[in-house]
């Protein structure tokens, strides 16, 4: 009798867990669509960069160039992450080059001391002053897509801070430009302690680079496509 009761208890626990997972999945679908809308529309530094309400992503191949001014030999780590991003986002065509004239996504690895100097050299005075002392990605775009990105990553404020900045700014520079403090599962949250490109954000970026999500599309124009696109992306990302 004891054995039978134990089996029943375990069965009830499993059923409860499975029900909970199904509920969590449904909630997660809603949360991911919400996260998509919060991150791809708007911009983190809206005062300097404006706050456009349309889709922005690279429609042409992304040519990264990594510049290391950190004195810590961080370049290989950043390039390894860029290669992983290219593998994890379907529809993205990214490569690493060593030609400043051809690069359309420049990543500058800096220190707290030389941050502002390099920002002033690579960006306009208005943008540089708005992001003083911060990791950031500055994205130039129009309704046809992103034309170029400059990302600045601070290297000497601790390992976790460096990794968080690296992931956030490089991925944001591909089109998920906005931050939101309510996205607890996302790297697109300056309060987050995450240091990796997690499932939540991989799904958002794969939705963004899905061919059905067009550059220049407004918030209202894409809502009908998001559940279908999300369902397709979920099949690939486990």
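No lab work stands behind these numbers, since they all come straight from the coordinates. The structure displayed is predicted, hence computed values, not measured ones. Heads up, the Cβs are rebuilt from the backbone with ideal geometry, glycines too, and the neighbour counts pull from every protein chain shown.
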Next on the checklist: What does the extension gain come out to for residue 120 and residue 236, with contour length at 0.36 nm per residue minus their alpha carbon separation?
Outcome noted: 37.6 nm
Checklist entry - residue 157 to residue 100: extension gain in nm, 0.36 nm per residue of separation minus the Cα-Cα distance? => result 17.8 nm
Checklist entry - So how do 192, 124 line up by other beta-carbon neighbours within 10 Å, fewest first? => result 124, 192
Item to check | Net length gained if the chain between residue 72 and residue 30 were fully extended (0.36 nm per residue, minus Cα distance) | outcome: 11.0 nm
Item to check | Cα shape, segment 122-200, gyration tensor, a/c 1.5 rule | outcome: oblate
Next on the checklist: Along the Cα→Cβ direction, 7 angstrom out, place labels at residue 84 and residue 220. What is the inter-label distance in nm?
Outcome noted: 4.1
Checklist entry - Sorting 159, 185, 169 on the 10 Å Cβ count, fewest up front, what's the list? => result 159, 185, 169
Next on the checklist: Test of understanding: ordering 205, 65 by Cβ neighbours within 10 Å, fewest first, what list do you get?
Outcome noted: 65, 205
Next on the checklist: Compute for segment 39-231: radius of gyration divided by Kirkwood radius, i.e. Rg/Rh, restricted to C-alpha atoms, rounded to two decimals.
Outcome noted: 0.94
